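The values are calculated or read from the model by the stated rules, or taken from the named source; none is laboratory data. All figures in this text were calculated on a predicted structure; none of them were measured in a lab. All Cβ positions, glycine included, derive from the backbone under ideal geometry; neighbour counts span all protein chains shown. In case anyone asks, the SASA skips ligands and DNA or RNA and just uses the protein heavy atoms, side chains included. Shrake-Rupley method; radii C 1.70, N 1.55, O 1.52, S 1.80 Å.
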Amino acid sequence: MRELRDGAPEMGEAPAVVPCRFCGRPAPLRLATRDWNRRLSHESFRYYRCTGCELTFLSPVPADLARYYPADYYPMPASLEELAKMAEPERYKLSLVRRFQPRGRLLEIGPSTGAFAYLASAAGFQVDTIEIDARCCRFLRDVVGVGVVESGMPSRVLPALDPYDVIALWHVIEHIPDPWETLAGAAARLRPGGIIVIGAPNPEAFQFRVLGQYWTHLDAPRHLQLLPIDTLERRARALGLRPVLHTTRTPGDLGWNVFGWQRSMENVIRARWSRHDRPASILGWWLSLLALPVDRAGLMGSTYTLVLRKEAP
């Protein structure tokens with residue numbers, strides 16, 4: 001591929017259709033994009049949408065994917081007190097979990113520096129985590145004081161863990177190379193009556209339809225796939241998990257709507273001109289107000305939250 005003058009990736013020799021990475025069915029090219037969020041390279045990345053399972057997925061996945069996660073990708077708190085302040089906006093997550101499971105053993109997959117893990121531990125949950133970043137693992141273990149397994153492949157370590165009452169994946173399933181294997185492993189480690197909570201970008205979002213390759217929640221190439229809610233729920237039911245909540249209107253989801261318009265407009269403007277982050281952010285804020293009725297309609301928000309309960313045998 002070569003770049004167009006306005007910064008938009010040209011299709012070039014990109015295959016029009018590839019086999020789906022997950023089910024093998026034909027997947028037409030949905031769009032080509034760049035790393036607009038971090039601007040770590042000028043490479044083009046291609047996302048395809050499967051005609052079978054309907055996942056939107058990156059193909060090919062870069063062999064050197066780790067280099068797209070720079071050292072500042074995980075903001076590191078200086079202390080537990082600073083983490084506690086950072087965690088306050090995430091308190092809604094704890095309220096959501098306790099609505100369905102008020103106590104017990106909790107596993108968070110992909111906790112970063114542990115804002116939610118900290119809140120859950122302070123609320124009385126016995127907390128373990130699975131995290132890929134070594135610095136985050138040290139902070140989680142030594143400062144937050146929760147259990148830690150260092151791994152970038154949760155599906156491989158889940159079988160060795162004890163059962164849990166809650167397993168949380170807050171905006172991590174789109175990063176995991178094997179999301180279905182991870183979901184199956186989580187279901188197997190969940191006690192009957194326990195819940196899995198998933199937050200993820202919504203590939204059916206109104207923002208994605210409007211903004212396309214510039215949509216900040218696409219986050220190429222770090223987001224390896226975007227999972228539609230319906231597809232995820234069908235897969236969950238096959239694992240004995242019953243959907244008890246799906247929404248795009250938690251406080252976090254609504255915040256991601258505003259963030260999505262602001263950051264995406266920064267991407268649009270920077271792709272065509274020089275940096276104009278402040279005007280772009282203001283424009284995005286006004287767009288978020290105009291789009292509010294659509295973003296909140298049905299399941300068209302930029303992100304979704306899904307709660308799955310394991311059926312009793």
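Only helical DSSP H runs with n ≥ 4 go in: add -39500 (n - 2.57) per run for the chain, normalise by residue count and round the 222 nm mean residue ellipticity to 500 deg cm²/dmol.
Numbers: 11 runs with 102 residues, N = 313.
Estimated from H runs of four or more residues: -9500 deg cm²/dmol.
Mind putting a number on the dipole of the chain about its Cα centre? Charges go on the C-beta only, +1 for Lys and Arg and -1 for Asp and Glu, and I need it in Debye to the nearest 20. Spell out each step's value before the answer.
Details: 39 positive and 33 negative charges, 106 e Å.
So the magnitude is around 520 debye.
Can you give me the P(r) profile for the range 265-313? Cα pairs, bins 10 angstrom wide beginning at 0, each as a whole percent.
Histogramming the range 265-313 at 10 Å steps yields 22, 30, 25, 12, 7, 3 percent.
Heavy atoms of the protein only, probe of 1.4 Å, neighbouring chains included. What is the accessible area of Arg138 in Å², nearest 10?
Answer for Arg138: close to 120 Å² accessible.
Can you pull the one-decimal nm distance between simple spin-label points at Val17 and Val244, each 7 Å off the Cα toward Cβ?
Simple spin-label model gives 4.3 nm for this pair.
Sort 301-312, 86-97 by packing, meaning the average of other beta carbons within 10 Å per residue, with the highest value first.
Working: 301-312: 21.8, 86-97: 16.8.
By packing density, highest mean first, the sequence is 301-312, 86-97.
On a full-extension model of 0.36 nm per residue, what is the gain between Ala63 and Arg237, subtracting their alpha-carbon distance, rounded to one decimal in nm? Could the numbers behind the result be given before it?
On the way: separation 174, 0.36 × 174 = 62.64 nm, distance 3.29 nm.
Full-extension gain reported as 59.4 nm.
If we count every other residue with Cβ under 9 angstrom of Thr216's Cβ, Lys/Arg +1 and Asp/Glu -1, where does the sum land?
Details: positive: Arg263; negative: Asp219, Glu266.
Cβ neighbours under 9 Å give a net charge of -1.
Dipole of the chain (Lys/Arg Cβ +1, Asp/Glu Cβ -1, origin at the Cα centre): which of Met300, Leu161, Ser264 lies farthest to the positive side?
Of the candidates, Met300 comes out farthest on the positive side.
Taking 0.36 nm per residue of sequence separation and subtracting the Cα-Cα distance, how much length would be gained by fully extending the chain between Ala134 and Glu150, in nm to one decimal?
On the way: separation 16, 0.36 × 16 = 5.76 nm, distance 0.70 nm.
Contour length minus Cα-Cα distance gives 5.1 nm.
Pulled fully out, how much extra length does the chain show between Gln126 and Ala297, if you take 0.36 nm times their separation in residues and subtract their Cα-Cα distance? Present the calculation step by step, with values, prior to reporting the outcome.
Values: separation 171, 0.36 × 171 = 61.56 nm, distance 3.68 nm.
Fully extending the segment from Gln126 to Ala297 adds 57.9 nm.
Could you work out the local net charge near Cys53, counting Lys and Arg as +1, Asp and Glu as -1, over the other residues with Cβ closer than 12 Å to its Cβ?
Details: positive: Arg21, Arg25, Arg49, Arg234, Arg235; negative: Glu54, Asp230.
Within the 12 Å Cβ shell, the charges total +3.
Quick one: if you take sqrt(5λ) for each eigenvalue of the C-alpha gyration tensor of the range 73-198, what semi-axes come out, biggest first, whole angstrom? If you can, show how the numbers build up before the last one.
Values: eigenvalues 87, 60, 30 Å².
So the three semi-axes of the range 73-198 are 21, 17, 12 Å.
Which residue, chosen from Gln101, Pro89, Ala115, occupies the Cα position most advanced towards the positive end of the dipole of the range 35-148, where the dipole is computed from +1 (Lys, Arg) and -1 (Asp, Glu) charges on Cβ about the Cα centre?
Of Gln101, Pro89, Ala115, it is Gln101.
With all protein chains present, calculate the accessible area of Glu204 using a 1.4 Å probe and round the result to the nearest 10 Å².
The value for Glu204 is about 50 Å².
If you take the charge dipole of the range 187-313 about its Cα centre, with +1 on Lys and Arg Cβ and -1 on Asp and Glu Cβ, which of Trp285, Pro243, Trp215 is farthest toward its positive end?
After comparing all options, I get Pro243.
For the chain, what is the accessible area per residue in Å², given a 1.4 Å probe and the full set of protein chains? Working shown, then result.
Numbers: 13750 Å² over 313 residues.
Computed with neighbouring chains in place, this is 44 Å² per residue.
How much of the calculated P(r) for the range 55-99 lies past 18 Å, in percent of all Cα pairs? If you can, show how the numbers build up before the last one.
On the way: 600 of 990 pairs.
Of all Cα-Cα pairs in the range 55-99, 61 percent lie more than 18 Å apart.
For the chain, what is Rg from Cα atoms divided by 2.2 N^0.38 Å, rounded to two decimals? It would help to have the intermediate numbers written out before the result.
Working: Rg = 19.3 Å, N = 313, 2.2 N^0.38 = 19.5 Å.
In units of the 2.2 N^0.38 Å rule of thumb, it is 0.99.
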